[in-house]
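Taking it in order: structure first as structure tokens, then the write-up.
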Amino acid sequence: MKTPVESSWRTPALEQLADALVGVDEREEMLAFLRDICSSTELAALAQRLEVALLVDRGIPYAEIAKQLGASTATVTRVAQWVRHGEGGYRAVLDREAGV
């Protein structure tokens, strides 16, 4: 059974954001949208999380990932948890990146 926090993350505002992201079909348009909607720090954090997920999926040790990317071990552990037990979003992207 999902807790209120787990079930409340999917808000109408987040659904609207997802629709906006899905509606962008050009790379440059997506980059522009991401830059407009996120701070530089937020963009760097999002990009780093994807890099962490790629390395976790390749079986690289967490400490090595943290050192290589300058990420905290907490971030690496959290991303790994979502890769393995999340909603499947990381898995879908990782599989697409791998050409699966």
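The values are calculated or read from the model by the stated rules, or taken from the named source; none is laboratory data. A quick note: this is a predicted structure, and the numbers were derived from the prediction, not measured. Glycine also receives a Cβ, built like all others from the backbone with ideal geometry; neighbour counts cover every protein chain displayed. These accessible areas exclude ligands, DNA and RNA; they are computed on the full protein's heavy atoms, side chains included. Shrake-Rupley method; radii C 1.70, N 1.55, O 1.52, S 1.80 Å.
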> Under 7 Å by Cβ, and 6 or more places apart or on different chains, what pairs join a residue from the range 57-68 that is on the phi < 0 side of the Ramachandran plot with one that is surrounded by fewer than 17 Cβ atoms within 10 Å (Cβ to Cβ)?
Replying inline: Tyr62/Thr73; Tyr62/Thr77; Ala63/Thr73; Ala66/Ser72; Ala66/Thr73
>> So Leu54 ticks every box in (1) surrounded by 12 or more Cβ atoms within 10 Å (Cβ to Cβ); (2) more than 13 Å from the chain's Cα centre (by Cα) but one. Which box is left unticked?
In response: (2)
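State all residues of the range 22-51 that are part of a helix (DSSP H, G or I) and either at pLDDT below 95 or over 29 Å from Tyr62 (Cβ atoms) (or both); if no residue qualifies, say none. Give the steps one after another, and end with the answer.
Keep residues of the range 22-51 that are part of a helix (DSSP H, G or I), which gives 22-23, 27-37, 40-51.
Answer for the range 22-51, where residues must be part of a helix (DSSP H, G or I) and either at pLDDT below 95 or over 29 Å from Tyr62 (Cβ atoms) (or both): Val22, Gly23, Arg27, Glu28, Glu29, Met30, Leu31, Ala32, Phe33, Arg35, Asp36, Ile37.
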>> I'd like the residue in the range 58-81 that is open to solvent by 70 Å² or more (accessible area, probe 1.4 Å) and touching a helix residue (DSSP H, G or I) at 6+ places or on another chain (Cβ under 6 Å) and, out of all such residues, is farthest from Thr41 (Cα to Cα).
In response: Tyr62
